[in-house]
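Below is one structure, written out as structure tokens, with a few remarks after it.
Every number here is computed from the coordinates shown, using simple stated rules; none is lab data. The shown structure was predicted, so the numbers you read here are calculated from the model rather than taken from an experiment. Here the Cβ positions follow ideal geometry from the backbone for every residue, glycine too, while neighbour counts run over all protein chains shown.
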Amino acid sequence: MKLNSIGLPSAEAEVLAAELNVLLANFQIYYQNLRGLHWNIRGKRFFDLHLKFEELYNDSQLKIDLIAERILTLDGVPLHTFEDYINSNQLEVGKNIHNDEKAIELIVSSLSKLLSIERVILKKSGEIEDEGTNSMMGDFIVEQEKMIWMLKAWQQE
């Protein structure tokens, strides 16, 4: 079995890098959705949500960089064009969303989809004992599950 530069099976690491590229593309769409929500939100909750959406897109930007760097660590090449992102996207694209409830619904559905992609990656990284990817996915999953819980609590007012 051929190993890559960090001691993981090359063929499996290549598959994992491809899965991470799907996650990267979807995170880019999620990030852009959050920017749009931040810019376009209106109503009595504007100030609170405007700040929350900024917090979320800043966090997403950091995660995007972590994902791309992990792909490189696995000897892959991160996707980096809008065409690639759109072709790999599995999220709803939010356009001209001004309503607070619709904005939160988009975020919850996006996070749920990101979680499903991350769980596939977590399973595959566990199978080849890729602790770096495993740890990153575990951290993402914990944070996003908590955010979904908080957003769902907000929806129940």
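Observations
- On Cα atoms only, tilt of 131-155 relative to the major axis of the chain in degrees: 20 degrees
- Sequence-distant lysines (8 or more away, or on other chains) whose Cα lies within less than 28 Å of residue 63: 52, 95, 102, 113, 123, 124, 146, 152
- Normalising by residue count, the range 10-155 has a Cα convex hull of 91 Å³ per residue.
- Ordering 70, 119, 45 from the fewest to the most neighbouring beta carbons within 10 Å gives 119, 45, 70.
- Sorted on the mean count of surrounding Cβ atoms within 10 Å across their residues, most packed first, peptides 15-21, 71-77 read 15-21, 71-77.
- Size of electric dipole in the chain: Cβ of Lys, Arg +1 and of Asp, Glu -1, about Cα centre, debye, nearest 20: 580 debye
- Principal axis analysis of the Cα atoms in the range 1-46 yields extents of 60, 14, 11 Å, listed in decreasing size.
- Relative contact order of the chain, pairs being alpha-carbon contacts under 8 Å that are 6 or more residues apart, as %: 29 percent
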